[in-house]
1. For a quick check, take a GNM of the chain with Cα springs below 10 Å and name the residue from Leu19, Leu130, Leu225 with the largest mean-square fluctuation.
2. Pick from Tyr419, Tyr355, Tyr221 the residue whose mean-square fluctuation is largest in a GNM of the chain, springs joining Cα atoms under 10 Å.
3. What number, in percent, do you get for the relative contact order of the range 1-158 if the mean sequence gap of Cα pairs under 8 Å and at least 6 apart is divided by its residue count?
4. Starting from 0.36 nm per residue, how many nanometres of slack lie between Arg91 and Asp417 once their C-alpha separation is accounted for?
5. Reachable aspartates and glutamates from Lys245, Cα under 14 Å, same-chain residues fewer than 8 places away excluded?
6. At 222 nm, what value in deg cm²/dmol follows for the chain if DSSP H runs of at least 4 each add -39500 (n - 2.57) and the sum is divided by all its residues, to the nearest 500?
7. Compare Gly320, Gly151, Gly260 in a GNM of the chain, Cα atoms joined below 10 Å, and give the one with the largest fluctuation.
8. Quick one: which of 290-298, 425-433 comes out on top by average Cβ neighbours within 10 Å, and what's the full order, highest first?
Amino acid sequence: MSRIQQHFDDMMTYALDQLTGKEDLTAWLSAESSDFVRINQSRVRQAGHVTQSNLSLRLVNSGRHALQGLTLTGDADSDKARISGVITSLREVVAAVAPDPHLLLCESAESVIDIGSNQLPTAAEATQVLLDASQDADLVGIWASGPIHAGFASSWGQRSFHTRHAYHVDFSVHLSGDKAVKAEHAGFEFTPQDLTDKVSAAKIQLTKMRRTPVTVRPGDYRAWLSPAAVGELVGLLAWDGFGAKSQQTRQSPLQRIVDGTASLSPLVSISESPTSGVAPRFGSAGFLRPAEVPLISAGRHAGSLVSPRSAQEYGLNTTGAGESPDSLTMATGSLADADVLRELGTGIYVGNLWYTNWSDRPAGRLTGMTRFATFWVENGELVAPLSVMRFDDTLERMLGSELIALGNHAPLSLSSDTYEKRSTGSVQLPGALLRQIRFTL
């Protein structure tokens with residue numbers, strides 16, 4: 001048992017001893033020990049380490065409940081005093097609030113202990129690989145690595161704990177002005193050559209950016225969307241597309257597909273797969289999450305993400321956590337990377353999309369800009385970078401009627417968000433070849 005897991009277990013034993021009468025308690029731990037390195041112009045500009053453990057305690061009594069968070073210091077006496085104070089404060093709030101009709105907590109003692117192995121390099125070792133690979137290129141980016149922990153405990157006997165050792169590097173190589181190639185690399189087992197190859201591929205694309213940009217008229221164009229570009233499209237759906245509440249209240253941009261009046265391409269199958277990413281197999285209410293939750297199967301609605309509150313409100317079975325996916329996967333197709341340009345023929349190779357947003361949410365219509373390594377292609381050859389363009393199209397077209405093929409691999413992409421803490425979000429998505437995508441300006 002790691003030190004953080006042992007401390008969490010000890011603090012929960014103490015916290016549960018403070019309960020009286022009909023009180024119940026749940027606890028959710030979110031912790032990390034992370035290295036960060038910021039690079040600019042292929043030089044290290046900032047390096048640091050963050051260790052933090054945040055604990056949320058929920059006191060429940062006869063359907064009434066209240067939640068409060070605190071930071072654990074790692075010192076037993078100090079943390080016990082803070083926990084005792086929080087429970088006293090929660091007890092006063094619970095006595096004053098009304099019962100919550102939508103409260104649903106896991107009363108099972110079944111626990112999950114899932115501790116991933118540590119196969120990460122030191123931040124210094126990984127940074128040196130990155131700098132050696134960049135050589136004379138103007139590389140800017142951030143490296144983040146280290147263990148991420150989650151824990152849940154309750155007065156009903158559950159003691160779940162989860163640890164994943166992951167790394168993520170988000171970088172760009174720049175030419176001049178807004179001409180750059182953006183890439184990322186992430187995983188759980190670090191191989192130096194894989195990162196070197198990723199940087200080399202970005203540098204090769206950067207040489208194509210030296211050519212005079214091509215400007216094309218607005219209209220419909222055959223296009224290849226890279227996995228990163230597909231990620232921008234699917235990422236919008238994470239807002240409220242797959243959640244039970246948004247679908248029950250008919251606010252989902254996938255509502256036509258949920259209702260069965262429309263469908264995506266039979267090539268498209270999307271699932272929430274907690275075992276594939278960084279997020280734990282249990283949620284903050286203690287419910288265990290299925291290994292897979294099918295959301296779209298062969299283009300048709302297959303299921304929803306159902307939070308405990310939505311399960312209680314709408315009489316559904318919970319999928320254990322929230323209603324935004326954090327470990328999203330899409331089934332791959334048959335198109336190999338080496339064949340992408342030949343199959344594209346003449347059209348647009350979209351490396352990244354930017355500023356994506358809904359232009360008509362009920363219709364599943366979204367808009368955004370091309371950015372970074374987006375190229376005009378003729379007869380299977382990259383001709384030149386494409387001037388920035390705006391697209392405006394629907395999911396039913398891009399992932400439906402206009403979808404020709406999907407790539408045959410779906411690289412792991414970990415979220416680079418570090419607001420308050422490192423994100424546990426991840427996606428595994430293939431690229432997509434489209435018969436046409438609509439550019440408006």
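Bear in mind that the values in this text are calculations on the coordinates, not laboratory data. Everything numeric here is computed off the predicted structure, so don't read it as measured data. Note that each Cβ is placed from the backbone with ideal geometry, even for glycine, and that neighbours are counted across all protein chains shown.
1. Leu19
2. It is Tyr419.
3. Numbers: 242 pairs, mean separation 56.3, N = 158.
Computed value for the range 1-158: 36 percent relative contact order.
4. So the extension gain works out to 113.9 nm.
5. By straight Cα distance, Lys245 reaches Glu313, Glu323.
6. Per the formula, -7000 deg cm²/dmol.
7. In the Gaussian network model the winner is Gly260.
8. Numbers: 290-298: 17.2, 425-433: 24.6.
Per-residue mean Cβ counts within 10 Å order the peptides as 425-433, 290-298.
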